[in-house]
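Undergrad: Just passing along the structure, written as C-alpha cells.
No value in this document is a laboratory result; all are computed from the given coordinates. No experiment lies behind these values; they were computed from the predicted model shown. Here the Cβ is made from the backbone with ideal geometry for all residues, glycine too, and neighbour counts use every protein chain on show.
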Amino acid sequence: MRVELPPAPVYFVNRDDERERALRAVTDWRSRSRPLVLALSGPGGLGKTELAVLIARTLGERYPFTDGVLSVDLDDFRAGGVLDPGDVLTHLLNSLDVEPDQVQAQYAARCAQYWNRTSDAQLVLLLDNARYASEVVPLLPPSGSSVVIVTSHGPLHDFEAGAAVDLALPPLDEPAATELLEKIAPDRRLAADPEAARAVIRLCGGLPAALHVAGLWVRTHRLRPLSRLLADLTAELDEKGVSGVERIWDTAYADLSGPAALLYRLLAHHPGETFTLHSATALSGLGLEDCQGALEEMDRAGLLDLRLLSLTVAGQMRLPGPLRAHALRRSRREAAQGEVAEAEERLLRWFVRQAQLADRFTAGSRLTVVDLLDPVPGAPDIPLEDPEAGVDGEARAEHAARAARWLDEERHVLFACSRLAHSRGMDAEVVALSEPVWTHALDHPHQSEVIEVFRRAVDSAVRHGGNAGWLVRTRCQLARPLWESEELDEAQEQIDGAISALELLGVSDLDRKLAASAVEHRGMLKGARGEWRAALVDFTASRDMHRAIPNPYGVLLQTYRMGEASAEAGDLETAHRLLSEAHGGFVQGKRERLVGRAAFALAGVLYRLGRVGEARELYQQSLGQADKRRSGFDLGRVHDALAELETVEGHLVEAEEHRVAARTFRRRNGLL
C-alpha cells in the first residue's frame, strides 16, 4: 500500500473530539458511489494539516484502504493564486501507478481517466489548502469505500449541504495550549512564574504555530526571566509574525477585495478583543450590507473567528491574537493617511451612542450629564428594543434584561473605548461612557477596570473644566467603587470634591438633581463607614431636595435609602414602612433592578421581624430579578440569605443547595 504522508508531528495535543467524530463518520458511512469527505477548516496556524495527517494515518492503520493513503498540497499547484486541477489529476494518477505517458492530455479525458481508475478504490486522499469546494469536486473518487480529508483556511460554503462532514477547528483552549507549550519547552520557568506563562499563552491566541514559536524562544533563551522574555516575544510576534504561517496569511489577505482588505486592516485597531457586525460597520464606514460581505470574505479566507457569533446577544466575532497582529502589520504598511484616526473616531461616536441606548433600556430614564449622541451616518444602531415599547410586563423585562446582557458582553469594548477616547481628548465621550459603566457596575461590582473608567471620567471632567455637572457626577461615580473596595479615605476625597463643586452649579432641574445626588452619595459613604444614623440624615435631606424640584423618582430612591439605613440602625418598623413604600413605587414605575434590590432589603427586615413566609416570597422575587440581569453579586447575596432562612427553618438540604449556588455565582464572577 502506497502511503504519501509526512511524519507525524512531534508534539500534538487536544483535538480528541474532532478525531473521534472523523472515525465515527467513517464507521457510519454507507454510500457506494461517493466518498466520505471530512472538511477541516480554521485560520492558518491552527494545526489543520497535522490533524489531517494524524486522521489519515489512523485510518490507514485501522481500515483496509488497500489502494493507499495519498496527500496533495493544492498550494503547490497554484500559479498566481489559481489552481490548475489538471496538474493535480496528473499527480494523483502518477501516485496511482499510471505512467506519465499514459495520462490523458485533455482535461475532460483526464477527469474520466481518474474517475475510472478510482471507481472501486479503497483510498484515503488528503487535499491540503483548498480554497473552494469547486477545487475539490473534480478530485473526488467516485467510490463509497474512499475517504477524502480536505483542509481549508475558511469553511467551504460552496459544498452542497450534507456533502461533507464539517470539522471546524477552534483555537486551543488555555489548558490545551499550556500542555502543548510545556511539551515544546519543558522549562522550570513556566511553573515558577505562572502569571508570565499564562501571558505567553494568551499572546499566542490558541494557535499551535504561535505556541511553537514561543516554545522555541523559551528553549533558546534559557537565562532570561520569563517576564522579560514575554516582552521580547511580544515584539517579535508583532513585528515579524508567526514563522511559516505569515505567508499563508499574506496570501489570504492578498486575495481579499478592497473593502474586505480595508476592514481587515481596521479591525486591528478596534478597541477590545471582540467586535460585532454593527461595530465593524461603524469602524469601516462601508455600510451594513457591504460590511456583511467583507466579513463573509474574511470568513472564507480563514481570517476570522466566528465561534462567539451565535452565543452572544451582541453577535461577537474576533481576530485571534496573532491574526490581529498580522492585520496591524498590514495596516502599518498600507493604511492611507488619516484612515485609522477617522475610523476610530467614527467608531467611538457610534459606540458611545449604543452604550447610552443600552444604559437607558437597562436602567430606565435617570440622571445623566451627557445627552444622547446623534446617529452615525451609515452605521445603524444595535438591534435592542426599548422596554417602553414592550406589549406587557414580561416583554418589557425581557427587553431590559437583553440590554443589560449586551452591556455585560460588551464591557471590555466599553472599557477600551473609554481608554481610547481619553487618549484622543474626547472628554464628552469619556464622561458619557461612565454612565453605562455605572449601570453595569451596579450589577457587577468589584471590577478594577470600573474604577479606571471613573478615574478617566473625573480626569476628563477636570481637563474640560467648563462643566460643573460633570465634576459632581464623575466624582460621585468614582467614590462608590472606592468605598466598595474599602478605600474609604480616597472615596471621602472624591465626595468632598463633589460637594465643593455644588456651588458652581446653576438652578436648572438637572443641577438640582445633581446636588441631591451628591448629598445622597455622602450619606452612602457614611453608611459604608457604619455611621447609619448620620447617613439617614443625608438621605432625608436628599429626599427633601428631590421633592422641591419635584423629582418623584429621586424621592422614591431616597425613601429606599432611608429604609436601608433605618434597618441598619435597628429601627425595623420604620424600615418596613419605608421599604414597602419604595418597593411598591418601583414596581409601579417598572424599575426592574430596584424592584429586586428593594425586595431583598424588605425581605431582610421581614425576616428579622419573624415574618419568614413573606420574607421567602420577596427573596424569591429578588432572585428572579437578579437572574434576569445575570448579576452575580445579587445572586450570591440572595442565595446566602435564603440559606440562612432555610437553616433556621430546619431545611438543611435546601440551605446547603443555596450555599453552593452562592459560592458558584461568586466564583464565576470573580467575587470570592
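Undergrad: With everything on Cα atoms, drop me the angle between helix 509-528 and the longest principal axis of the chain, reported from 0 to 90° to the nearest 10.
TA: In the chain, helix 509-528 runs at an angle near 90 degrees to the longest axis.
Undergrad: Along the charge dipole of the chain, which of Leu572, Pro320, Asn14 sits closest to the positive end, that is, farthest toward it, with unit charges on the beta carbon of Lys, Arg, Asp and Glu (+1, +1, -1, -1)?
TA: Checking the options against the dipole of the chain, the answer is Leu572.
Undergrad: Quick one: if the Förster radius is 35 Å, what FRET efficiency do Ala161 and Asp627 give, using the C-beta to C-beta distance and rounding to 0.05?
TA: Details: r = 38 Å, r/R0 = 1.09.
E between Ala161 and Asp627, to the nearest 0.05, is 0.40.
Undergrad: Also, I was wondering about something else. Which angle from 0 to 90°, rounded to the nearest 10, does the C-alpha axis of helix 612-629 make with the longest principal axis of the chain?
TA: 50 degrees
Undergrad: Can you grab the distance from the C-alpha centre of the range 270-340 to the C-alpha centre of the range 366-385, Å, no decimals?
TA: 22 Å
Undergrad: How large is the charge dipole for the range 557-672, taken about the Cα centre, if only the Cβ atoms of Lys, Arg (+1) and Asp, Glu (-1) carry charge, to the nearest 20 debye? List each step's numbers first, then the result.
TA: Numbers: 18 positive and 17 negative charges, 138 e Å.
Using Cβ point charges on Lys, Arg, Asp and Glu, the range 557-672 gives about 660 debye.
Undergrad: While we're here: Take the Cβ-Cβ distance between Thr664 and Glu99 as r, set R0 to 60 Å, and report the resulting FRET efficiency rounded to the nearest 0.05. Each step should come with its number before you reach the end.
TA: Details: r = 68 Å, r/R0 = 1.14.
Efficiency, from the Cβ-Cβ distance: 0.30.
Undergrad: Using the Cα centre of the chain as origin and beta-carbon charges of +1 (Lys, Arg) and -1 (Asp, Glu), tell me which of Cys291, Thr474, Val605 is placed farthest towards the positive end of the dipole.
TA: Of the listed residues, the answer is Val605.
Undergrad: Could you tell me how many degrees, from 0 to 90 and to the nearest 10, lie between the Cα long axis of helix 652-668 and the main elongation axis, the longest principal axis, of the Cα atoms of the chain?
TA: It works out to around 70 degrees.
Undergrad: Right, another one. In a shell of Cβ-Cβ distance under 12 Å around Ala575, excluding Ala575 itself, what net charge do Lys and Arg (+1) and Asp and Glu (-1) give? Walk me through the numbers before you get to the answer.
TA: On the way: positive: Arg561, Arg577, Arg608; negative: Glu564, Glu568, Asp571, Glu573, Glu581.
With Lys, Arg at +1 and Asp, Glu at -1, the neighbours total -2.
Undergrad: Oh, and also: Between Glu449 and Arg463, what is the label-point separation in nm under the 7 Å Cα-to-beta-carbon projection?
TA: Modelled inter-label distance: 2.0 nm.
Undergrad: By per-residue mean of other Cβ atoms within 10 Å, what is the highest-first order of 476-483, 549-556, 505-512?
TA: Numbers: 476-483: 25.1, 549-556: 17.8, 505-512: 13.2.
Going from most to least packed, we get 476-483, 549-556, 505-512.
Undergrad: About its Cα centre, how strong a charge dipole does the range 94-172 have in debye, to the nearest 20, once Lys and Arg get +1 and Asp and Glu get -1 at the Cβ?
TA: Details: 3 positive and 9 negative charges, 13 e Å.
Result for the range 94-172 is approximately 60 debye, rounded to the nearest 20.
Undergrad: Using per-residue counts of other Cβ atoms within 10 Å, averaged over each peptide, order 521-528, 94-101 from highest down. Please list the in-between numbers first.
TA: Details: 521-528: 22.6, 94-101: 12.2.
Highest mean packing first, the order is 521-528, 94-101.
Undergrad: Now for a separate question. Once you keep just the Cα pairs under 8 angstrom separated by 6 or more residues, what percentage relative contact order results for the range 1-71? Walk me through the numbers on the way to the answer.
TA: Details: 43 pairs, mean separation 41.3, N = 71.
Answer for the range 1-71 is 58 percent.
Undergrad: Measure off 7 Å from each Cα along the Cα-to-Cβ vector at Glu20 and Asn116, then give the distance between these two points in nanometres to one decimal.
TA: 4.5 nm
Undergrad: Evaluate the distance, in nm, between pseudo-label points positioned 7 Å from the Cα of Arg529 and of Asp371 along their respective Cα→Cβ axes.
TA: 3.9 nm
Undergrad: Helix-derived [θ] at 222 nm for the chain: sum -39500 (n - 2.57) over DSSP H runs of at least 4, divide by residue count, nearest 500?
TA: Values: 30 runs with 424 residues, N = 672.
Dividing the helical sum by the residues of the chain leaves -20500 deg cm²/dmol.
Undergrad: For the chain, what is the charge dipole size about the Cα centre, in debye to the nearest 20, if Lys and Arg each add +1 at the Cβ and Asp and Glu each add -1 at the Cβ?
TA: On the way: 78 positive and 100 negative charges, 163 e Å.
Dipole of the chain, to the nearest 20 debye: 780 debye.
Undergrad: Which label belongs to the value computed from this structure, given these candidates for Cα extents along the principal axes in Å: (1) 72, 62, 52; (2) 75, 74, 42; (3) 100, 65, 60?
TA: It is the one labelled (3).
Undergrad: Further question: Could you tell me the relative contact order of the chain? Use alpha-carbon pairs under 8 Å, at least six residues apart, and round to a whole percent. Provide the component values of the computation, followed by the final result.
TA: On the way: 1043 pairs, mean separation 54.1, N = 672.
Over the chain, the number comes to 8 percent.
Undergrad: Would you please put 66-75, 259-268 in order of how densely packed they are, using the mean number of other Cβ atoms within 10 angstrom per residue and starting with the highest? The partial results should precede the final answer.
TA: Details: 66-75: 18.6, 259-268: 23.5.
Highest mean packing first, the order is 259-268, 66-75.
Undergrad: ³J(HN,Hα) across the range 2-12 via Karplus (A = 6.51, B = -1.76, C = 1.60, θ = phi - 60°), whole Hz, x for Gly/Pro?
TA: So the J values, rounded to whole Hz, are 6, 10, 10, 10, x, x, 5, x, 5, 10, 8.
Undergrad: Something else about it: Along the charge dipole of the range 340-452, pointing to its positive end and built from +1/-1 on Cβ of Lys, Arg, Asp and Glu, which listed residue (Phe415, Pro387, Ala403) has its Cα farthest out?
TA: Value computed over the given set: Phe415.
Undergrad: A further question on this structure: At 0.36 nm per residue, minus the direct Cα-Cα distance, what do Lys590 and Glu490 gain on full extension? Give it in nm, one decimal, please. Before the final figure, lay out the partial values.
TA: Details: separation 100, 0.36 × 100 = 36.00 nm, distance 3.50 nm.
Between Lys590 and Glu490, full extension yields 32.5 nm more.
Undergrad: Can you tell me what share of the DSSP beta bridges in the chain is antiparallel? A percent to the nearest 5 is fine. Before the final figure, lay out each step's value.
TA: On the way: 6 of 27 bridges.
Restricted to the chain, the bridges split so that about 20 percent are antiparallel.
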